[in-house]
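Student: Encoded as structure tokens, here's the structure I'll be asking about.
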Number of protein chains: 2
Amino acid sequence: MKKLINDPLDIVRESLEGMAAAHPDLIKVNLDPAFIYRADAPVTGKVAIISGGGSGHEPLHTGYVGKGMLDAACPGEIFTSPTPDQMLGATHKVDGGAGILYIVKNYSGDVMNFEMAMELARSEDIRILSILIDDDVAVKNSLYTQGRRGVGTTLLAEKICGAAAEQGYSLKDISHLCRRVNINGRSMGMALTSCTTPAKGTPTFEIGEQEIEMGIGIHGEPGQKRMTLKSVDEITEMMALSIIEDLSYRRTVREWDEDKSEWQEVELINPPFQKGDRLLALVNSMGGTPLAELYIVYRKLAEICQKQGLQIVRNLIGPYVTSLDMQGCSITLLKLDDEMIRLWDAPVNTLSLRWGL
Amino acid sequence: MKKLINDPLDIVRESLEGMAAAHPDLIKVNLDPAFIYRADAPVTGKVAIISGGGSGHEPLHTGYVGKGMLDAACPGEIFTSPTPDQMLGATHKVDGGAGILYIVKNYSGDVMNFEMAMELARSEDIRILSILIDDDVAVKNSLYTQGRRGVGTTLLAEKICGAAAEQGYSLKDISHLCRRVNINGRSMGMALTSCTTPAKGTPTFEIGEQEIEMGIGIHGEPGQKRMTLKSVDEITEMMALSIIEDLSYRRTVREWDEDKSEWQEVELINPPFQKGDRLLALVNSMGGTPLAELYIVYRKLAEICQKQGLQIVRNLIGPYVTSLDMQGCSITLLKLDDEMIRLWDAPVNTLSLRWGL
């Protein structure tokens, strides 16, 4: 393994120190427990948005801390959930008195640890709601999840909810909005190569010189199927149709009910895509795939959507949810409404995304 | 070789088609000859800035077309200079009547073909000046150059000159500014792995599992020396000190003299870095190196600069001048003055860079 690192155990800390040194105008870093937060936190009277998860997916989530997006992000060790003390520390730091939303990707460890942090914070009378992101159509369950994994829709939810918080939305309204983004977003990924985690030092999985893995997870966990290498047009079509033709997906999730002060089982149903839908299309690099290839993916995706009567009205093309050095890409389609478009277009100022001049 | 492509011969065209489909509000694409230009070109009364070079370095240059930066970019085939008809086509399209500046990276093919385009355009009475970027301290000459190669300083010059053009600077003033950026910028790169060009299909060079190449070029051309893998702190120090301790570099370049209407040999000298200098630091991924590792490089770079009495006042960290899928990074330091800082901070709207909220 060759990486630009010192000791594999120091990667997350040293990377956070680099961020702190580079962007003192935007963010501050707390090292123990580890979290990164807006330099101007807490913003009094504003709902705070916190996310987090294993490291190795940068810029998700640390790169999305800043005005108009996340108030704080809690990075775990590489591909490892952050611990409840990280979320609790971040919660104390960014609590502006209007409540806090946790945006949680659906991986068992993340779900458990965010829930534990919520219990701890609630015992201090801090208002917190949480929304689970489970948008990966490739698998019903995986090594790390009950139900679908949370991938590309996460950052779209972070952007849209971050804008809503900035505009003074209430905690309850933002949580409903976040849930709406989640059920309207769908993703699928594929890999040409494996990632290599620094701790292990060898590729996470073996893959032949003429093979690809369809439906890959962002930790290198297996997807739908192994197949022989195909043209980018064929690969794009397989991913796009898996997303577009995905039927209603019904499941129950645990959400905190503020009125009843207890956990409730909430039934969620993803509505299917329909002719005339307006979409945000995210074409995402898994890390090692260059921009030029992503635009070839986008070219085919735009053609497919047009044929299906789906209208891409916003797009995002680049490395946004990565898997270390993995080569491959993912596609996320989010069905937009007027409110989501307005919030998407709102200005944002993070170290990785500066929309809306 | 596994890449997200159809036919290797179609990569550049299909990627440009994807860009055109994705960003019609920002850019337009001409396919034959190939160039990409601002959607609102020509901007009457504004100096137009054009750059270009071989593809495979994205987002350089195509990603930098837009308000506040380039008016047009001419992408050659992968690692191959664009041809004069591309630059001439772009010149006709973006000429706003106030003259045109070509920003040219110092590679023999680029220099020759941009010069040929200038001759053709001048025969039509279009005013054009050109500035060469030669900022790579690793080598005095290389496979592709007479003198130092042009790398990271190129996009800094494109940004600063693009802002100046937007603010109504004259052609002569912008060309002087561009030259000042060039002589105040220095870069050095290194590679952990080789890139793989789609046409060849195998790695450009062999490198052992415990080896790195210091001073690598952005086409995978050899650098200063092959050495055993070191810690990122050691690697960063070697690169940073090569840049910071680089002495005055004296050479003559060919520039067009408008008053005399002839080519002149101009002597250029890079001033050495000095205590108290204010710097822009660019930590650039060669393509396959993740963001987290770049921040560990930045962490050490900031420490080294501080020790040397150099003050980093602006930074840029990410994949900006890539070499396909190569793993590795480069550092560029640019000595700033008040005018450059003001122009750097001006808003820009390109598909890859949206500074200055």
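The values are calculated or read from the model by the stated rules, or taken from the named source; none is laboratory data. Everything quoted here is computed from the prediction, not taken from an experiment. We place every Cβ from the backbone using ideal geometry, glycine too, and count neighbours over all the protein chains shown. In case anyone asks, the SASA skips ligands and DNA or RNA and just uses the protein heavy atoms, side chains included. Shrake-Rupley method; radii C 1.70, N 1.55, O 1.52, S 1.80 Å.
For (1) without any contact (Cβ under 8 Å) to a residue 24 or more places away in the chain; (2) in contact with a Cys (Cβ under 9 Å, 6 or more places away or on another chain); (3) away from chain B (no Cβ under 14 Å); (4) closer than 28 Å to A:Met239 by Cα, each residue gets a yes or a no:
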| site | (1), (2), (3), (4) |
| --- | --- |
| A:Ala157 | no, yes, yes, yes |
| A:Cys161 | no, yes, yes, yes |
| A:Arg186 | no, no, yes, yes |
| A:Thr197 | no, no, no, yes |
| A:Gly208 | yes, no, no, yes |
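Student: Let me ask something additional. Can A:Thr332 be described as more than 12 Å from chain B (Cβ to nearest Cβ), touching a Gly at 6+ places or on another chain (Cβ under 7 Å) and not in a helix (DSSP H, G or I)? Write out each step before concluding.
Tutor: Details: more than 12 Å from chain B (Cβ to nearest Cβ): yes; touching a Gly at 6+ places or on another chain (Cβ under 7 Å): yes; not in a helix (DSSP H, G or I): yes.
Considered against the rule, which asks whether it is more than 12 Å from chain B (Cβ to nearest Cβ), touching a Gly at 6+ places or on another chain (Cβ under 7 Å) and not in a helix (DSSP H, G or I), A:Thr332 comes out as yes.
Student: Tally time: how many residues in the stretch B:293-309 are touching a residue at least 12 places away in the same chain (Cβ under 8 Å) and either assigned to a helix (DSSP H, G or I) or at the interface with chain A (Cβ under 8 Å from one of its Cβ atoms) (or both)? Steps first, answer last, please.
Tutor: First pass over the stretch B:293-309, keeping only residues touching a residue at least 12 places away in the same chain (Cβ under 8 Å): B:293-298, B:300-302, B:304-305, B:308-309.
From what is left, the residues that are either assigned to a helix (DSSP H, G or I) or at the interface with chain A (Cβ under 8 Å from one of its Cβ atoms) (or both) are B:293-298, B:300-302, B:304-305.
Qualifying residue count for the region: 11.
Student: Only residues that are under 25 Å from A:Cys329 (Cα atoms) and either facing chain A (nearest Cβ under 7 Å) or surrounded by 24 or more Cβ atoms within 10 Å (Cβ to Cβ) (or both): list them for the stretch B:315-327, please. Full working, then the answer.
Tutor: The first filter runs over the stretch B:315-327 and keeps only residues under 25 Å from A:Cys329 (Cα atoms), leaving B:316-327.
Within the stretch B:315-327, B:Ile317, B:Pro319, B:Tyr320, B:Val321, B:Thr322, B:Ser323, B:Leu324, B:Asp325, B:Met326, B:Gln327 qualify.
Student: Taking the options B:Ile216, B:Ile207, B:Ile235, B:Ile212, name whichever one is under 25 Å from A:Ile11 (Cβ atoms) and within 18 Å of the chain's Cα centre (by Cα).
Tutor: Working: B:Ile207 fails: within 18 Å of the chain's Cα centre (by Cα); B:Ile235 fails: within 18 Å of the chain's Cα centre (by Cα); B:Ile212 fails: within 18 Å of the chain's Cα centre (by Cα).
Of the residues listed, the single one that is under 25 Å from A:Ile11 (Cβ atoms) and within 18 Å of the chain's Cα centre (by Cα) is B:Ile216.
Student: Now for a separate question. From (1) facing chain A (nearest Cβ under 9 Å); (2) buried (at least 21 other Cβ atoms within 10 Å of the Cβ), pick out the condition that doesn't hold for B:Ile312.
Tutor: Evaluating B:Ile312 over (1) facing chain A (nearest Cβ under 9 Å); (2) buried (at least 21 other Cβ atoms within 10 Å of the Cβ) leaves (2) as the failure.
Student: Go through the stretch B:335-351 and give me each residue that's in a loop (DSSP other than H, G, I, E, B) and modelled with pLDDT under 95. Steps first, please.
Tutor: Keep residues of the stretch B:335-351 that are in a loop (DSSP other than H, G, I, E, B), which gives B:336-337, B:345-348, B:351.
Listed by number, the residues that qualify are B:Asp345, B:Ala346, B:Pro347, B:Val348, B:Leu351.
Student: Failed condition for A:Gly287, given (1) open to solvent by 10 Å² or more (accessible area, probe 1.4 Å); (2) over 22 Å from A:Lys105 (Cα atoms), with all others met?
Tutor: Every condition holds for A:Gly287 apart from (2).
Student: Are any residues in the stretch A:147-174 open to solvent by 10 Å² or more (accessible area, probe 1.4 Å) and outside any loop (DSSP other than H, G, I, E, B), and if so, which ones?
Tutor: A:Glu166, A:Lys172, A:Asp173
Student: Okay, moving on. Going by the structure shown, is A:Arg251 assigned to a strand (DSSP E or B), farther than 22 Å from A:Ile304 by Cα and in contact with a Gly (Cβ under 7 Å, 6 or more places away or on another chain)? Can you show your working first?
Tutor: Values: assigned to a strand (DSSP E or B): yes; farther than 22 Å from A:Ile304 by Cα: yes; in contact with a Gly (Cβ under 7 Å, 6 or more places away or on another chain): yes.
Here the answer is yes, as A:Arg251 does meet what is asked.
Student: Any residue that is of a type in the set (Gly, Ala, Ser) and more than 15 Å from the chain's Cα centre (by Cα) - is there at least one of those in the stretch A:121-137?
Tutor: Of the residues in the stretch A:121-137, the ones of a type in the set (Gly, Ala, Ser) are A:121, A:123, A:130.
Then drop every residue that is not more than 15 Å from the chain's Cα centre (by Cα), which leaves A:121, A:123.
Yes, the stretch A:121-137 contains a residue that is of a type in the set (Gly, Ala, Ser) and more than 15 Å from the chain's Cα centre (by Cα).
Student: Considering each of A:Glu237, A:Glu255 in turn, give the residue that is in contact with a Ser or Thr (Cβ under 8 Å, 6 or more places away or on another chain) and at pLDDT 90 or above.
Tutor: Details: A:Glu237 fails: in contact with a Ser or Thr (Cβ under 8 Å, 6 or more places away or on another chain).
It is A:Glu255.
Student: So, one more: Output the residue which, of all residues in the stretch B:219-232 that are under 23 Å from A:Ile11 (Cβ atoms) and open to solvent by 20 Å² or more (accessible area, probe 1.4 Å), is farthest from the other protein chains (Cβ to nearest Cβ). Break it down into steps so the answer makes sense when it comes.
Tutor: At the first step, the residues of the stretch B:219-232 found to be under 23 Å from A:Ile11 (Cβ atoms) are B:227-232.
So of that shortlist, the ones also open to solvent by 20 Å² or more (accessible area, probe 1.4 Å) come out as B:227-231.
Details: B:Met227: 12, B:Thr228: 11, B:Leu229: 6, B:Lys230: 10, B:Ser231: 5 Å.
My answer is B:Met227.
Student: Applying the selection to the stretch B:199-248, what residues are part of a strand (DSSP E or B) and not hydroxyl-bearing (Ser, Thr, Tyr)? Quick ask: steps written out before the conclusion?
Tutor: In the first step, residues of the stretch B:199-248 are kept if they are part of a strand (DSSP E or B); the result is B:203, B:211-214, B:225-228.
Correct list: B:Pro203, B:Glu211, B:Ile212, B:Glu213, B:Met214, B:Lys225, B:Arg226, B:Met227.
Student: Would it be correct to say that A:Arg148 is within 30 Å of A:Thr236 (Cα to Cα) and of a type in the set (Lys, Arg)? Quick ask: steps written out before the conclusion?
Tutor: Values: within 30 Å of A:Thr236 (Cα to Cα): yes; of a type in the set (Lys, Arg): yes.
In short, yes.
Every residue, every condition in (1) touching an Asp or Glu at 6+ places or on another chain (Cβ under 7 Å); (2) under 13 Å from B:Gly18 (Cβ atoms); (3) among the polar types (S, T, N, Q), yes or no:
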| site | (1), (2), (3) |
| --- | --- |
| A:Ala292 | yes, yes, no |
| A:Gln308 | no, no, yes |
| A:Ile312 | no, yes, no |
| A:Ile341 | no, no, no |
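Student: Next up: Go through the stretch A:35-60 and report how many residues are more than 12 Å from chain B (Cβ to nearest Cβ) and within 19 Å of the chain's Cα centre (by Cα). Lay out the reasoning, then the answer.
Tutor: Keep residues of the stretch A:35-60 that are more than 12 Å from chain B (Cβ to nearest Cβ), which gives A:35, A:37-53.
Now narrow it down to the ones that are within 19 Å of the chain's Cα centre (by Cα): A:35, A:37-38, A:48-53.
The number of residues fulfilling the criteria is 9.
Student: Across the stretch B:335-354, what is the number of residues that are over 30 Å from B:Gly220 (Cβ atoms) and either of a type in the set (Lys, Arg) or at the interface with chain A (Cβ under 7 Å from one of its Cβ atoms) (or both)?
Tutor: Within the stretch B:335-354, residues that are over 30 Å from B:Gly220 (Cβ atoms) and either of a type in the set (Lys, Arg) or at the interface with chain A (Cβ under 7 Å from one of its Cβ atoms) (or both) number 4.
Student: Looking at A:Ser261, A:Ser330 in this structure, which one is open to solvent by less than 40 Å² (accessible area, probe 1.4 Å) and among the small types (Gly, Ala, Ser)? I'd like the intermediate steps shown before the answer.
Tutor: On the way: A:Ser261 fails: open to solvent by less than 40 Å² (accessible area, probe 1.4 Å).
Within the list A:Ser261, A:Ser330, the selection yields A:Ser330.
Student: Tally time: how many residues in the stretch B:185-236 are in contact with a Lys or Arg (Cβ under 6 Å, 6 or more places away or on another chain) and within 30 Å of B:Ile341 (Cα to Cα)?
Tutor: Counting residues in the stretch B:185-236 that are in contact with a Lys or Arg (Cβ under 6 Å, 6 or more places away or on another chain) and within 30 Å of B:Ile341 (Cα to Cα) gives 3.
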